[in-house]
Each structure stands twice: as C-alpha cells, then as structure tokens.
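Written out below as structure tokens is the structure these notes cover.
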Amino acid sequence: MSQTTDSSLMKQRLRRNRIDATDETISVSTICKRLEPLWPLCLLLAMTAACFLSGCNSEPSTAPEIKVTLEVSPDPPQTGQADVVVRLTDTANQPVSGAKLKLEGNMNHAGMKPSFSTLQEAEPGTYEGKLDFTMGGDWFVIVTVELPDGSKVDQKVDIPGVKAK
C-alpha cells in the first residue's frame with residue numbers, strides 16, 4: 001500500500017471518529033478533538049480539587065476568643081418572655097465590655113418563627129434582655145457579639161426542655 005493510500009485511509013477513519021488498533025500513530029490534535037467534550041468536566045474537577053486543598057477559606061478568622069455564658073430565668077425555662085443574661089469573658093477570664101449583643105432563638109425543628117432580642121450591658125461583661133419562647137420544646141439561641149473593634153463572634157447555645165405553661 002502506498003503512503004498516500006495509508007494517509008487517506010486514516011483520514012477516513014478519523015472522520016468516522018474511529019481508529020482501529022492497527023493504526024500506529026495518532027496525532028495530538030486528534031486526541032484533543034476526542035477529549036474536547038470532557039474539558040468542562042476536567043476544569044470543574046480541577047477547581048473542586050483546588051478548593052478542597054486550600055480549605056475554601058478566604059482569610060483566617062481574626063476574632064478573639066470570647067467565652068459566652070447564657071442564663072435563662074425562670075430555670076427551667078417556660079413559654080413566654082424569659083429574662084436572659086449573657087456574660088462575656090476573654091481568655092484571661094476578664095469581662096468583655098462595650099460589645100453589642102443580639103439573640104436569635106429557634107426551635108430545634110423546622111417551621112417555627114424565630115424570636116429576636118437585643119441585649120443591653122448592665123455591668124462590665126454582663127448583658128441583659130428578654131427572649132420570647134413561643135412554644136414548649138427544645139430551643140437553641142445564637143448569640144451574635146459585635147466587639148468594639150468591629151470583629152464578630154457567633155455562639156450557639158442549646159436550651160433544652162422549654163416547658164409549656
């Protein structure tokens with residue numbers, strides 16, 4: 001078989017998008033054309049791998065370590081308005097003053113409207129306010145603390161067994 005015939009036979013096979021095992025050489029452009037439909041998938045996999053390897057973090061947290069202690073009165077808690085006291089301390093167990101505190105109370109099961117409250121500083125590191133427990137059951141409260149320097153700390157506190165009146 002002549003060189004020209006071999007070349008035209010290979011072109012016919014490539015046009016049919018089929019290469020037999022007897023063909024010894026495949027051009028790079030042919031391989032790229034065959035893999036072209038897979039490029040979006042490869043790109044997605046590469047981006048996912050890069051995200052996992054980097055931890056998907058934009059910046060490390062710079063918020064200071066704050067201990068959040070939440071007390072509810074009456075204890076055990078009941079439905080209706082409850083008095084809430086939150087104490088903030090730093091790593092040296094010193095009170096943290098000048099913060100702005102917001103509470104968001106939620107039941108553990110979905111479908112209930114959350115209860116919101118803003119607390120006021122009563123004395124250094126001690127913040128007081130009220131929170132409405134609208135139904136008996138298990139609740140959790142998200143305490144959002146904005147410190148005087150603008151950094152924020154969120155803490156979830158479980159409030160199990162709120163009793164219906």
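Counting only heavy atoms of the protein chains and using a 1.4 Å probe, Ile142 has close to 50 Å² of accessible surface. With every protein chain in place and a 1.4 angstrom probe, the accessible-area ranking of Lys102, Lys165, largest first, reads Lys165, Lys102. Only one residue of Ser151, Met107, Leu119 has its Cα farthest out toward the positive end of the dipole of the range 102-165, where Lys and Arg carry +1 and Asp and Glu -1 on Cβ, and that residue is Met107.
Each Lys and Arg adds +1 at its Cβ and each Asp and Glu adds -1 at its Cβ; summed about the Cα centre, the range 94-134 shows a dipole of about 180 debye.
The values are calculated or read from the model by the stated rules, or taken from the named source; none is laboratory data. Here the structure is a predicted model, which means the values were calculated and not measured. Here the Cβ is made from the backbone with ideal geometry for all residues, glycine too, and neighbour counts use every protein chain on show. Ligands, DNA and RNA are excluded from the accessible area calculation, which covers all protein heavy atoms including side chains. Shrake-Rupley method; radii C 1.70, N 1.55, O 1.52, S 1.80 Å.
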